[in-house]
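The values are calculated or read from the model by the stated rules, or taken from the named source; none is laboratory data. Note that the coordinates shown come from a computational prediction; the quantities given were computed from them, not determined experimentally. Positions of Cβ are backbone-derived with ideal geometry, glycine not excepted, and every protein chain shown enters the neighbour counts.
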Amino acid sequence: MRTNNKIWIKALVLGVIIAFGYSCTDDFSDLNKKPSTYADASINQLFVNVINSTYFNNSYFYYQSSNVRSGAQYTVSTSGASSSASLSSNTYHFDRLYDAYKYCEQIRSMLPEDDKVRKSITHITQGLLGLRAVKEYGDIPYSEAGKARVGGTLFPKYDQTSEILSTINAELKTAVADIESNINGKSFDPDYDYMYQGDATKWAKLGNVIRLEIALTLANKDQALAKQICTEVASSSIGIFDSVDDEYKLDIGKPMSNSANSLPYSGGGDNFTGTINMQIINMMKANGDPRLAIFALPSSLSDKGIKYLENVLQTGENEEVKAQIEALFAIVDTTKKENPVLVKGNVPEWRFIGGSPFVFDESSDEYSALYKTYHYLDWDGDEPSSQSGRLVFSGVNKKIMNPDYNGTTALSEYFEEQNKDEEAGQFVLPVVPYSYMSLLLSQLDYLNIWDNPKGKDYAEWYEEGVEASIRMYDYIAINHKTNPYNWKRTEAELNGAISDYLSSQDVKLTGTGDWEKICLQQYLNCFHLEELGADHVMRTGFPAQNSTIISWAERPDKVARRSAIDRPNAEEDEANWLEAMQRQNFTPGVDDNITLNKERIWYDLQAPDFGKGDINK
């Protein structure tokens, strides 16, 4: 069900009015010290601000997204000579968590005592944000957070990670139970609840799915509690997502104007950049992954470069270059306008899709993915040169995050020409997708934590998750007009592609190496949700260094395992912050990756090192 974009814009504008005056970089004490900046707003309008905090914002794309993707080895940065692949200075989750908390607390203080449903929904959104934040920062303010306006402290304590996870789980359990027992209770106005249109049942299902994510988070630390959570979720009468119709998804329709500014995070999606890791591209090509042409743009070689490489392939005059090309690139036959295909051999017109190698700067203290000059190819006279020019390797397709609006695209000039008269795309963003839940359940069942109350084993959840992931990206492609080759597969073609992919060597479960395949498919599934992908990489150790499917590049010791929290300004806040740092054996104020790689959050203490996932598990 698509949300009417006029309703979304109306709700968003009202939310922005309420939020005006809050800085995204203020620390928690500053937010609490400004109660007068609260608008005299309705409950529904305040709830818009809560929802706005549950998905990416412009600041995230500008300051953090590229680093998160590089740290998870999804992409190699194209911004300058090198780019830090650290998660160390990310404040996105910390900021948005407390922005949402104060609104949740204000909403609950305005509601009658017996208004169980709306109070429960605020706890579910708060739990979603709290889980994301605690997994990134460790001990944070939670139990006392956001309560200054309703009689709480300006300087909340930092709760321990284990306590926060337990508290969030308990709050979600109560929230779901309250919705179950008050199923006909008043929900938020559908015109303002632009995620679920006032459907409390779907909010409750989201609460149960978040609990399953908590269970998997605890898998390396407390399997008994993880199993208890799964048992309780399985007994819930509302249950979990039954289909993609239940997933937590932003779906606003067409942008209101011919401008990126009409999108939820303005033009931030234009910073969804980089060239895609060669390991990912090679795996997708080798196994016929239907998502390949959605993830990756063709290289932007000039016509002269294309003709040169085409001649090399046809004549074989330069065997070394020919071998490199054939090893790195798939050839796309774009003459089949209705259904372009990846082919090998000579075709009249084609473009390349090829991944970029990860190369690390050994002399740097930072873990840097270098964007080398050999990523470019141009001509000096009639001879190829690597000094400057067009990208040889395939970049990320920005339109996964930014739909085409009235012909403005993120594609090369060639494809802009082909698509220039296309109608504007529809904007969709799966935030907690059905595919993510399905693959999460496959992991939980493989680890004997989930007891299959729906009668599906890990292999069935795996296949369902992979298929749902392919269909999700196809759905994004169709709505965003994302696919570079501008086609829409028929249902029969998509079904055939999914079946072939599930039967391919590196995807099909055989009873040997199944754990790695499950983990790698969740890794690919989170390509557009790299924050979830980065956490998945850290928790599982996949991709693994010794993998024959997708391998982890060298120097995993230079990837941060936690993000640093800025030193608070207020003296009282600083004291609480220092206590939390010392309690966790963290170095206060540190922001270098090697140190942050060694300092693990409580739930991460027993997780494998980066690149050390057990391929024989």
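Descriptive notes on the structure:
- Residue that is modelled with the highest pLDDT, among those in the range 585-617 that are farther than 30 Å from D514 by Cβ and of a type in the set (V, I, T): T587
- Figure legend. Inter-residue proximity from the range 219-248: first residues within 15 Å of S166 (Cα to Cα), second residues in a helix (DSSP H, G or I) and among the β-branched types (V, I, T), beta-carbon distance below 7 Å, spacing 6+ or different chains. Indicated pairs: I229/I214.
Every residue, every condition in (1) within 23 Å of F295 (Cα to Cα); (2) of a type outside the set (G, A, S); (3) within 23 Å of the chain's Cα centre (by Cα); (4) in the same structural domain as Y473 (by TED's automatic domain parsing), yes or no:
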| site | (1), (2), (3), (4) |
| --- | --- |
| Q505 | yes, yes, no, yes |
| T512 | no, yes, no, yes |
| I549 | yes, yes, yes, yes |
| R561 | no, yes, yes, no |
| Q582 | no, yes, no, no |
| E599 | no, yes, no, no |
| D614 | no, yes, no, no |
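- From T78, T91, residue being β-branched (V, I, T), closer than 22 Å to V590 by Cβ, surrounded by fewer than 24 Cβ atoms within 10 Å (Cβ to Cβ) and modelled with pLDDT under 90: T91
- Search result, residues across the range 224-244 that are over 11 Å from I214 (Cα atoms) and of a type in the set (G, A, S): A224, A234, S235, S236, S237, G239, S243
- Residue in the range 603-616 that is in contact with a helix residue (DSSP H, G or I) (Cβ under 7 Å, 6 or more places away or on another chain) and under 21 Å from N287 (Cβ atoms) present: yes
- Residue pairs meeting the criteria (Cβ under 7 Å; at least 6 apart or on separate chains; first assigned to a loop (DSSP other than H, G, I, E, B), in the range 135-149; second modelled with pLDDT of 85 or more and of a type in the set (K, R)): G138/R562; D139/R583; P141/K157; E144/K157; G146/K102
- Members of the range 176-218 that are among the hydrophobic types (A, V, I, L, M, F, W, C) and within 26 Å of D535 (Cα to Cα): V176, M195, W203, A204, L206, V209, I210, L212, I214, A215, L216, L218
The rows are residues; the columns are (1) at negative phi; (2) in contact with a strand residue (DSSP E or B) (Cβ under 8 Å, 6 or more places away or on another chain); (3) modelled with pLDDT of 95 or more.
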position: W450; (1), (2), (3): yes, no, no
position: G455; (1), (2), (3): no, no, no
position: E460; (1), (2), (3): yes, no, yes
position: Y475; (1), (2), (3): yes, yes, no
position: H480; (1), (2), (3): yes, yes, no
position: K488; (1), (2), (3): yes, no, no
position: S503; (1), (2), (3): yes, no, yes
position: C526; (1), (2), (3): yes, no, yes
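- The set of residues in the range 423-448 that are at pLDDT 95 or above, touching a strand residue (DSSP E or B) at 6+ places or on another chain (Cβ under 6 Å) and not β-branched (V, I, T) is empty.
- Only one of the listed residues (K173, K186, K205) is crowded, with 22+ Cβ neighbours inside 10 Å, of a type outside the set (S, T, N, Q) and either in a helix (DSSP H, G or I) or assigned by TED's automatic domain parsing to the domain that holds H123 (or both). That residue is K205.
- Residue within the range 231-242 that is within 20 Å of the chain's Cα centre (by Cα), closer than 29 Å to Q45 by Cα and assigned to a loop (DSSP other than H, G, I, E, B) present: yes
- Residue in the range 516-529 that is more than 30 Å from A560 (Cβ to Cβ) and surrounded by 21 or more Cβ atoms within 10 Å (Cβ to Cβ) present: no
- Of all residues in the range 554-577, none are surrounded by fewer than 19 Cβ atoms within 10 Å (Cβ to Cβ), out of contact with any Pro (no Cβ under 6 Å at 6 or more places or on another chain) and either of a type in the set (V, I, T) or under 15 Å from L520 (Cα atoms) (or both).
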